[in-house]
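Have a look at the structure below, then the notes.
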Amino acid sequence: MSAPTPTEGTAVNTADLYDERGDELASVSLQFQSLGGRSHFSGPVRTIRCFQDNALVKSTLGSPGNGAVLVVDGGGSLGTALMGDMIAESAVANGWAGVVINGAIRDRLAIADLDLGVKALGSNPRKSQKAGAGEVDVDVVIDGVTFRPGAIVWCDPDGILVERQQEARQGGE
């Protein structure tokens with residue numbers, strides 16, 4: 001079965017996609033909030049693993065996104081925000097489709113007005129550290145679901161789906 005590919009302006013409903021593809025997709029059960037101005041977004045995954053330090057998030061979203069979705073594993077911390085309105089504006093200017101943050105954002109009202117998909121656990125006005133600690137473009141696991149750079153992720157108000165790795169699917173058949 002061929003996968004729908006993300007295209008500009010096309011909203012893919014995750015429920016319909018899961019009905020079509022089932023176990024080819026992993027579903028995140030952790031309840032992320034939809035906080036951006038774009039309710040449906042999808043694209044190839046880019047990743048960051050960091051904890052209460054958003055320097056890598058800022059630099060990555062300040063580079064060309066080419067329709068990708070940045071998945072940030074912030075360890076589920078709500079102690080500091082990993083993205084605010086200025087970083088989100090940079091993401092829009094650089095062509096990112098969206099951001100999924102296993103952690104907090106800030107400036108949520110301003111971010112809600114941007115043409116950017118944003119899923120996060122919540123918000124906190126507290127700034128994060130800026131030391132640059134973390135890793136970029138590595139596999140990250142959120143709620144038992146692995147996000148690999150280059151896999152396609154789909155997000156909407158119902159949830160988050162990501163392609164499972166081909167070898168994992170074949171091993172389970």
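Derivation of every value follows stated rules applied to the coordinates shown; laboratory data play no part. Predicted model, so just to flag it, every value in this text is computed and none were measured. Don't worry about glycine lacking a Cβ; one is built from the backbone with ideal geometry, like all the others, and counts go over all protein chains shown.
A few comments on the model shown:
- Pairwise label distance in nanometres, residue 66 with residue 11, each label 7 Å out on the Cα-Cβ vector: 2.8
- Between residue 160 and 28, the built amide H atoms are under 5 Å apart, and every one of these is 5 or more places off in sequence or on another chain.
- Of all DSSP beta bridges in segment 1-140, antiparallel share, percent nearest 5: 15
- Length released on extending from residue 136 to residue 110, taking residue separation times 0.36 nm less the Cα-Cα span: 6.7 nm
- Prolate/oblate/rounded label for segment 25-127 (Cα gyration tensor, a/c 1.5): rounded
- For the chain: relative contact order, % (alpha-carbon pairs under 8 angstrom, 6 or more apart): 32
- Alpha-carbon centroid distance for the pair segment 74-93 / segment 29-55, whole angstrom: 9
- Residue with peak Gaussian network fluctuation, the chain [Cα springs, cutoff 10 Å], from 138, 153, 162: 138
- About the centre of its Cα atoms, the chain shows a dipole size close to 720 debye [charges on the beta carbon of Lys, Arg (+1) and Asp, Glu (-1) only; nearest 20 debye].
- Between residue 78 and any residue 5 or more places off or on another chain, the built amide H atoms are never under 5 Å apart.
- Structure-derived Rg and Dmax of the Cα atoms in Å: which label, when the choices are [x] 20.8, 76; [y] 15.4, 51; [z] 14.9, 47: [z]
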